[in-house]
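The values are calculated or read from the model by the stated rules, or taken from the named source; none is laboratory data. Just so it is clear, the model here is predicted, and its values are computed rather than measured. Cβ: placed from backbone, ideal geometry, glycine included. Neighbour counts: every protein chain shown.
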Amino acid sequence: MTILLDELDAGELAIRFEGEEPQALLEWALGEFGSDIAISTAFQIDGSVLIDMAYAIDPCVRVFSVDTGRLPVETLEFADALRLRYPGLQLEILEPDPEHVERLVQLKGPDLFRDSVENRLLCCNVRKVIPLTKHLDGLDAWITGLRRDQWATRTNIRKVEIDHDHGAIVKINPLAEWSGRDVWTYLRENDVPIHPLYARGFTSIGCAPCTRATEAGEDERAGRWWWETNAPKECGMHCSIEHGGFEHELHAIVGKHA
């Protein structure tokens, strides 16, 4: 059943759950939306926390991730480890349209993201954003691991939002108030599985060629697209990005689906 919320409803809910533990918001959201809500994860620490919390509430909770075709092998192995840890978990791995990827590579080469910010955004959209958007079309709400302390573009996120970039569905951010320290404390205290790349100095994990380990004192997302200057540390999944002419090229590659 579709649950309709407007901006006023979302604002009131955001105020209601501000200061509450993430589990309280998760319990409300899973009860309110049932099978029409799912957790989005890239198998980073925030996603692991959400999966552990939500599984305790509903062992059949829906979870999805996007396999861009360029993920580290450790990420896919970690997905299998989560399935073993949480039996019955409905973990779905999405993939981009192979024809779209083929056209992208033919036109721009496999490592186009190194050439310009526009090309990087083009790659992110074809491999990640479009599969995500298609999946969200079938949901009434989604749950993310976004935190306000992760990056400047995320400082104003609310715990409950209307996601106008994805058909005005409801977006739930249970960890918005948490710090990275809060996340690590929960992981340790609850013996939650952690992506193995964190042990190698990674603090944010995406596609293999676009992610590196960070140095002491660097921002958490400094290892993402580190060769770019004055560019958003976002792929477009969580905010609409307009940058140069990449939208025109995207439409040329994927047609009406852009």
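Taking region 20-36 as the region of interest, how many residues are among the aromatic types (F, W, Y) and free of Cβ contacts under 8 Å to residues at least 24 places away in the same chain?
Residues of region 20-36 that are among the aromatic types (F, W, Y), as a first pass: 28, 33.
Within this subset, residues satisfying the condition of being free of Cβ contacts under 8 Å to residues at least 24 places away in the same chain are 28.
The qualifying residues number 1.
Please go through region 10-19 and pick out each residue that is touching a residue at least 12 places away in the same chain (Cβ under 8 Å) and loosely packed, with under 14 Cβ neighbours inside 10 Å.
Once the filter is applied, which keeps residues that are touching a residue at least 12 places away in the same chain (Cβ under 8 Å) and loosely packed, with under 14 Cβ neighbours inside 10 Å, region 10-19 yields E18, G19.
For residues that are modelled with pLDDT of 95 or more and either among the aromatic types (F, W, Y) or closer than 17 Å to T133 by Cα (or both), tally how many sit in region 100-116.
Counting residues in region 100-116 that are modelled with pLDDT of 95 or more and either among the aromatic types (F, W, Y) or closer than 17 Å to T133 by Cα (or both) gives 2.
Scan region 116-128 residue by residue and report those that are of a type in the set (A, V, I, L, M, F, W, C) and either surrounded by fewer than 22 Cβ atoms within 10 Å (Cβ to Cβ) or more than 13 Å from E95 (Cβ to Cβ) (or both). So that I can check it myself, show each step before the final result.
Of region 116-128, the ones of a type in the set (A, V, I, L, M, F, W, C) are 117, 121-124, 126.
V117, L121, L122, C123, C124, listed by residue number.
Within region 28-62, work out how many residues are among the polar types (S, T, N, Q), in a helix (DSSP H, G or I) and under 26 Å from P196 (Cα atoms).
In the first step, residues of region 28-62 are kept if they are among the polar types (S, T, N, Q); the result is 35, 40-41, 44, 48.
Filter once more, so that each one left must be in a helix (DSSP H, G or I): 35, 48.
Checking the rest, the ones that are also under 26 Å from P196 (Cα atoms) come to 48.
Here the count works out to 1.
Exactly one of (1) under 23 Å from S204 (Cα atoms); (2) crowded, with 17+ Cβ neighbours inside 10 Å; (3) among the small types (G, A, S) is unmet by A141. Its number?
(1)
A42 - would you say it is within 18 Å of the chain's Cα centre (by Cα) and small (G, A, S)?
Yes: the conditions hold for A42.
Pairs needed: first member in region 183-200, within 18 Å of A54 (Cβ to Cβ); second member anywhere, polar (S, T, N, Q) and surrounded by fewer than 17 Cβ atoms within 10 Å (Cβ to Cβ); C-beta distance under 7 Å; at least 6 residues apart or different chains.
Hits for this filter: zero, empty list.
Mind listing just one residue for me: the one in region 63-79 that is assigned to a strand (DSSP E or B) and in contact (Cβ under 8 Å) with a residue 40 or more places away in the chain and, of those, farthest from I37 (Cα to Cα)? Give the steps one after another, and end with the answer.
Taking region 63-79 and keeping what is assigned to a strand (DSSP E or B), we get 63-66.
Right, trim to in contact (Cβ under 8 Å) with a residue 40 or more places away in the chain and you get 64, 66.
On the way: F64: 11, V66: 16 Å.
Ranking the qualifying residues of region 63-79, first place goes to V66.
Kindly evaluate K171 against the criterion of being among the charged types (D, E, K, R), at pLDDT 95 or above and either in contact with a Phe, Trp or Tyr (Cβ under 7 Å, 6 or more places away or on another chain) or farther than 29 Å from G34 by Cβ (or both). Lay out the reasoning, then the answer.
On the way: among the charged types (D, E, K, R): yes; at pLDDT 95 or above: yes; either in contact with a Phe, Trp or Tyr (Cβ under 7 Å, 6 or more places away or on another chain) or farther than 29 Å from G34 by Cβ (or both): yes.
Yes; evaluated as a whole, the condition is true for this residue.
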